[in-house]
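Derivation of every value follows stated rules applied to the coordinates shown; laboratory data play no part. On a predicted model such as this, the values are computed, not experimentally measured, just so you know. No Cβ is skipped: glycine too gets one built from the backbone with ideal geometry, and neighbour counts run over all protein chains shown.
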Amino acid sequence: MSAPSRRAARILVALVAASLSCLIAADAASARVPFGFVGVMADGPIAATAVDPATETAAMVTSGVEGMRVVFHWADAQPSRGAAPTFDRFDPLVRNAAVRGITVLPVLTTAPAWAAKYPGDFASPPAGTADYAEFVRAAVQRYGPEGSFWAENTAVPRRPIRAWQIWNEPNLRSSWSDRAWTRPYVALLRAARRAAKGADPNARIVLAGLANFSWRSLAAIYRVDGSRRLFDRVAIHPYTAEVAGIGTILRRARRAMNRNGDRRKRLLVTEFGWPSARGKAVGFGIETTERGQARKATDALRLLARERRSLRLEAVYWHDWINTDRGSDSIWPYSGLRRYETDGSVTSKPALRSFRRTALRLEGCRRKAAVATRCARRR
């Protein structure tokens, strides 16, 4: 190659490199949401280890998922009184999330029979607060910044869990069977906060996700003396037939927060979505078709991104990543973006394409799969 040709080649390489750098910078500049904003609930088959968590977390990353909400069932971790909690069931999800750079938000719920106020009732609140607080402490000691999990798994990227959600939907009888729930829940929250902060002073305490007339339930919590100081984030589950209803529900929750001196506190949507259960299960108005689920996934993510600043939204979690789409009169097994088939294989529903396309665009990843992995690794 002649000297002029070599010079031209170097110029061309430089121009290509500059163009690629500009493209990456443009992608980052065009991101409409911060890292960790788009998440999914990891429940059903993935929580039951029926599917490979490595495969599923890899698919999450290329679909724009940067956060994962996981149920840590106390009943699974400590089925017997006096036994120390064990976390073997949860380790694989935490490990694979850390490898993929996915933030984990655990929700600590479900009293074992020995600690339940009503043994045998899945929705029973704990009989007291001390045993649950010890479970919270053990979870933080396992996965927090000084956690034994990281000491035992030195080859895993160290991504300690810093936020902990205390119970799930206590304002619903299906999750907290006592009608009078507000003061007992606040007492549980107080004990859990003390335990978590004892193990990690910088732990963030997330209020249980509140569903249905969530803004009223949130106002009821605020009416309990001292409750405002017990949580660092509010969580809402804005299930509604129409996408626009999400904005209405969240604005009402934000007004309740602002009226009670929590204008600066951030808000999370720890569940939202529409099960594709129309004609398949008995529901209560939010079920739709697979095509409707896909359309609403796009519209909801756009709405949540658009309202992010005004609502001080920190993260949102679609419910859920994978489920069975069969075998129940309930609509919830139809809520996944992916489907666990009877032969053990996994297929993606139309909603996953919509979710992926929208999430990646909101994160500044405009060239889909080729750019997805690079963009999803932003830190």
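At a 10 Å Cβ-Cβ cut-off, how would you order 118, 239, 143, fewest neighbours first?
118, 239, 143
Which net charge results for the neighbourhood of residue 273, defined as the other residues with beta-carbon distances under 9 angstrom from its beta-carbon, given Lys and Arg at +1 and Asp and Glu at -1?
Within the 9 Å Cβ shell, the charges total -1.
Could you work out how much longer the chain between residue 310 and residue 148 gets when fully extended? Use 0.36 nm per residue separation minus the Cα distance between them, nm to one decimal.
54.4 nm
Would you kindly state how much longer the chain becomes between residue 242 and residue 342 on full extension, computed as 0.36 nm times their sequence separation minus their alpha carbon distance, in nm to one decimal?
Between residue 242 and residue 342, full extension yields 32.9 nm more.
If amide hydrogens are placed 1.01 Å from N in the peptide plane, which non-local residues have theirs closer than 5 Å to the one on residue 68?
The list, which skips near neighbours in sequence, is 40, 103, 104, 105.
Just tell me which lysines come within less than 18 Å, Cα to Cα, of residue 117; anything on the same chain fewer than 8 places away is out.
Of all the lysines, none pass the test against residue 117 - Cα under 18 Å, at least 8 places apart if same chain.
Ordered by packing density, taken as the mean number of other Cβ atoms within 10 Å over each peptide's residues, highest first, how do 119-132, 261-274 rank?
The peptides rank, most packed first, as 261-274, 119-132.
Computed FRET efficiency, Cβ-Cβ of residue 118 and residue 326, R0 25 Å: what is it to the nearest 0.05?
Values: r = 31 Å, r/R0 = 1.22.
Calculated transfer efficiency: 0.25.
If I take R0 = 22 Å and measure r between the Cβ atoms of residue 284 and residue 180 in this structure, what FRET efficiency does the formula 1/(1 + (r/R0)^6) give, to the nearest 0.05?
Plugging the Cβ-Cβ distance into 1/(1 + (r/R0)^6) gives 0.35.
List the lysines whose Cα sits under 21 Å from the Cα of residue 265, skipping any in the same chain fewer than 8 residues away.
197
How large is ³J(HN,Hα), in whole Hz, for each residue of the range 64-78 in order, when computed from phi with the Karplus curve 6.51 cos²θ - 1.76 cosθ + 1.60 and θ = phi - 60°, using x for Gly and Pro?
For the range 64-78, the Karplus-derived couplings read x, 7, 10, x, 9, 9, 10, 7, 9, 6, 4, 4, 6, 7, 9 Hz, x marking Gly and Pro.
Computed from these coordinates, which is log10 I(q)/I(0) by the Debye sum over Cα atoms at q = 0.08, 0.09, 0.14 Å⁻¹: (i) -0.42, -0.52, -1.26; (ii) -0.47, -0.57, -1.10; (iii) -0.37, -0.47, -1.12?
Only one option fits the structure, namely (i).
Students often forget the sequence filter, so: which lysines lie under 26 Å Cα-Cα from residue 349 once same-chain residues fewer than 8 apart are removed?
Once the sequence-local lysines are set aside, what remains near residue 349 is 280, 296, 368.
Quickly rank 50-57, 277-284, 231-238 as a protection proxy: mean count of other C-beta atoms within 10 Å, highest first.
Output ranking for 50-57, 277-284, 231-238: 231-238, 50-57, 277-284.
Can you list residues from other chains, or at least 5 along the same chain, whose modelled amide H is less than 5 Å from the amide H of residue 349?
Those qualifying (amide H under 5 Å, at least 5 residues apart or on another chain) are 338, 339.
Nearest 500 deg cm²/dmol is fine: what mean residue ellipticity at 222 nm does the chain get from its DSSP H runs of n ≥ 4 alone, each adding -39,500 (n - 2.57), divided by its residue count?
The helix contribution divided over the chain gives -12500 deg cm²/dmol.
Check which residues have an amide H placed less than 5 Å from residue 204's amide H, if you skip close sequence neighbours.
Here the answer is 163, 164, since their amide H atoms fall under 5 Å of that of residue 204.
What's the ranking of 188-199, 212-223 by average number of surrounding C-beta atoms within 10 Å, highest first?
188-199, 212-223
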